[in-house]
Amino acid sequence: MGVLVRREECPEGGCIAHLTIDNAGKLNSLNRALMAEIVETVGGLSVDPRLRLAVVSGAGERAFIGGADIGEIAALDHTSARSFITLVHQCCDAFRHLPVPVIARIDGYALGAGLELACACDLRVASERSVFGMPEVRIGIPSVVEAALLPGLIGQGCARRLLLTGETIDAGEALAWGLVDAVVAAGELDAAVERLLRPILAAGPQAIRLQKSLILGWQELPTAAAIERGIDCFVSAFDTDEPARMASAMLAELRSRRRSTQRR
């Protein structure tokens, strides 16, 4: 049990972190020890200047994350409940505030805290056999912490259906709701992730980091403040030569295409 990290070097420079949450014997459910390890591991990645992108998966073929550990939940009381659910939040928030894009690679069950963690990621790709739900009300507790992201992702109506009924939905319905960005056969999951990460890696690394910070700000700031934050980020982009270098390369490519067209 633990968090497995594999670093992949990128031809464009920097690296991708592939994280696998491994508690496969219990559908990769999150207990205190595993959540503490996730927070520590992702915190370490967050200060790596070479990091370009992260991909998070669950071990095995049965679950992304099947939820918080039901045994630990059953043992909670009024005193211990706050620290446990705060750790669930910290676990999800670590991915949400990672300074680079995070792709959730979902194969199998994504329930409760597992779906909250997926919602905290920037993009979500699922296999056709994936199942999604927020079943907490069925064991006498509300869905909380990163469940607050659901209305923004899928709308108030769909969020209410998930949260109030505790029912699950399949991958096709999740795609129709906008809960995931792509659904593919299980054997094509890695290729689907690759299709999402390639354009991100082709973009400016600093621009992507600035863009993610802006997206987070847009979720929390009033419109006027969000626009001001955007102006500051635009200016910050020119702290490096990335805009001049990449814009010049694009101009050169456009001129080359124009000359090629004129010769035809």
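What a 1.4 Å probe finds exposed on the stretch 148-213 is 57% carbon and sulfur by accessible area, rounded to a whole percent.
Among residues other than residue 109 with Cβ under 10 Å from its Cβ, the summed charge is +1 (Lys and Arg +1, Asp and Glu -1).
Largest GNM mean-square fluctuation among 50, 124, 82, using the chain with Cα springs under 10 Å: 82. For the stretch 183-250, the per residue solvent-accessible surface stands at 62 Å², with DNA, RNA and ligands left out and a 1.4 Å probe. What the phi angles of the stretch 168-174 give under the Karplus curve with 6.51, -1.76 and 1.60, with θ = phi - 60°, is a coupling list of 9, 10, 8, 5, x, 5, 4 Hz, glycine and proline written as x.
Is the stretch 77-221 best put as rounded, prolate or oblate by its Cα gyration tensor, with a ≥ b ≥ c the root eigenvalues, rounded for a/c under 1.5, and otherwise prolate when a/b is larger than b/c, oblate when not?
Because a/c hits 1.5 or more and a/b fails to exceed b/c, the stretch 77-221 counts as oblate.
A helix-only calculation puts the chain at -16000 deg cm²/dmol for mean residue ellipticity at 222 nm, using -39500 (n - 2.57) for each DSSP H run of at least four residues, averaged over all residues.
With the simple model of a label 7 Å out from the Cα in the direction of the Cβ, residue 160 to residue 148 spans 2.1 nm.
Comparing 165, 79, 20 in a Gaussian network model of the chain where C-alpha atoms under 10 Å apart are linked, the largest mean-square fluctuation is found at 79. The slack in the chain from residue 139 to residue 77, taken as 0.36 nm per residue of separation less the alpha-carbon distance, amounts to 20.9 nm. Inter-part distance, the stretch 26-91 to the stretch 110-165, computed on C-alpha centroids, equals 15 Å. Maximal additional length on extending the residue 191-residue 7 stretch stands at 64.5 nm, based on 0.36 nm per residue less the C-alpha distance.
The residues of the stretch 1-108 have, on average, 43 Å² of accessible surface per residue, using a 1.4 Å probe with all protein chains present. Starting from the Cα of residue 48, move 7 Å in the Cα-to-Cβ direction to define the label point; list residues of the stretch 83-104 whose amide nitrogen is under 17 Å from there. Under cut-off, by backbone N: 94-104.
Comparing 47, 180, 131 in a Gaussian network model of the chain where C-alpha atoms under 10 Å apart are linked, the largest mean-square fluctuation is found at 47. Overall size of the stretch 40-84 from C-alpha positions, given as principal axis extents largest first: 43, 29, 9 Å. Quotient of the Cα radius of gyration of the chain and 2.2 N^0.38 Å, N being its number of residues: 1.10.
The values are calculated or read from the model by the stated rules, or taken from the named source; none is laboratory data. Model, not experiment: these values are computed from the prediction. Ideal geometry is used to build each Cβ from the backbone, glycine not excepted, and the neighbour counts take in all protein chains shown. To get the accessible areas, we keep the full protein, side chains included, count just its heavy atoms, and leave off ligands, DNA and RNA. Shrake-Rupley method; radii C 1.70, N 1.55, O 1.52, S 1.80 Å.
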